[in-house]
Amino acid sequence: MNRIWVSIIFVLFVCAMPASAELQWCEGRWQLELAGSAGIHSGGASRSGDYMLKALVEYETPFSSRCTLGLRLLPLFVYDQDCRGADTVWGAGVGLGVRVYSVANEYRGWFAEGGVHALGHKNRFAGNSSNINFLTGVGAGYKCKAGWHGVLRWEHISNANLGSDNSGANVVTLGVGYAF
C-alpha cells in the first residue's frame, strides 16, 4: 500500500514540475500546523475509535510557478489506541511534502498535496512490530492570502514490512496552519 502512495506523490511532483524548475530557497516560508486525525475502518482492519494529534513545522520553498517542496518536521505526534487496550504511541518524525497551488506565483488558493514522513516512536501500533514507521498521505486544502490554511488529508501509517507484523493504520486528518 505504501508503494502506491509513494508512486502517486512522485507522479504529482514530476507532472507539476516544468523543465526549468529550480528550488528557490531564499523565497521560502515557514509554516506551523496543528492537526487532528480520526482512525477509520479500511481493508481488513478497523481503527475506528483511534485518534492522532500532531504538530508540523515546515519550510516550504517554491520550485515552479504553482508548486512547492516542503521540508517537514513532526516534533510531536500522539496516537491514542486505548480502545484496543494498547499503549498510546508517541514520537516524532521528518519528511517531505509537495503542494500544487491554484494561484500561480502566489502559492495560495486551492491546493493538492502529498507527503512522506519517517516516524520514530515509543510504544507500538497494535498489530505492528516496529518502532520505525512511515506516514504517507494525500490531501486537499485552501491557503488564504493572509497565510492561514486548512487541509483535509487521508493518511496511512505502516512500517513498510521492516517488522514481522505490519498492520497499518488509516486516518482522516484535518489540519489548520499559518505561514510566515
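Miscellaneous remarks
- Qualifying residue in region 63-74 (condition: touching a Pro at 6+ places or on another chain (Cβ under 7 Å) and farther than 17 Å from Asn170 by Cβ): yes
- Test: residue in region 12-26 that is out of contact with any Leu (no Cβ under 8 Å at 6 or more places or on another chain) and at pLDDT 75 or above: yes
- Residue that is surrounded by the most Cβ atoms within 10 Å (Cβ to Cβ) [pool: residues in region 112-138 that are touching a strand residue (DSSP E or B) at 6+ places or on another chain (Cβ under 8 Å) and aliphatic (A, V, I, L, M)]: Leu135
- For region 139-162, the set of residues classified as surrounded by 17 or more Cβ atoms within 10 Å (Cβ to Cβ) and out of contact with any helix residue (DSSP H, G or I) (no Cβ under 6 Å at 6 or more places or on another chain) consists of Gly139, Gly141, Lys143, His149, Val151, Arg153, Trp154, Glu155, His156, Ile157, Asn159, listed by residue number.
- The listed residues are Asn128, Asn133, and the only one of them that is in contact with an Asp or Glu (Cβ under 9 Å, 6 or more places away or on another chain) and under 24 Å from Ser48 (Cα atoms) turns out to be Asn128.
- For region 158-180, the tally of residues that are of a type in the set (A, V, I, L, M, F, W, C) and free of Cβ contacts under 8 Å to residues at least 60 places away in the same chain stands at 1.
- Hey, Leu174 hydrophobic (A, V, I, L, M, F, W, C), under 15 Å from the mean Cα position of the chain (by Cα) and within 18 Å of Gly95 (Cβ to Cβ) or not: no
- Yes/no for Val78 being farther than 26 Å from His41 by Cα and modelled with pLDDT of 95 or more: no
- Within the set Gly109, Gly93, the sole residue that is surrounded by 14 or more Cβ atoms within 10 Å (Cβ to Cβ) and touching a Leu at 6+ places or on another chain (Cβ under 6 Å) turns out to be Gly93.
The values are calculated or read from the model by the stated rules, or taken from the named source; none is laboratory data. In this text, all values refer to a predicted model and were calculated from it rather than measured experimentally. Positions of Cβ are generated from backbone atoms using ideal geometry, with glycine treated the same way; all protein chains shown enter the neighbour counts.
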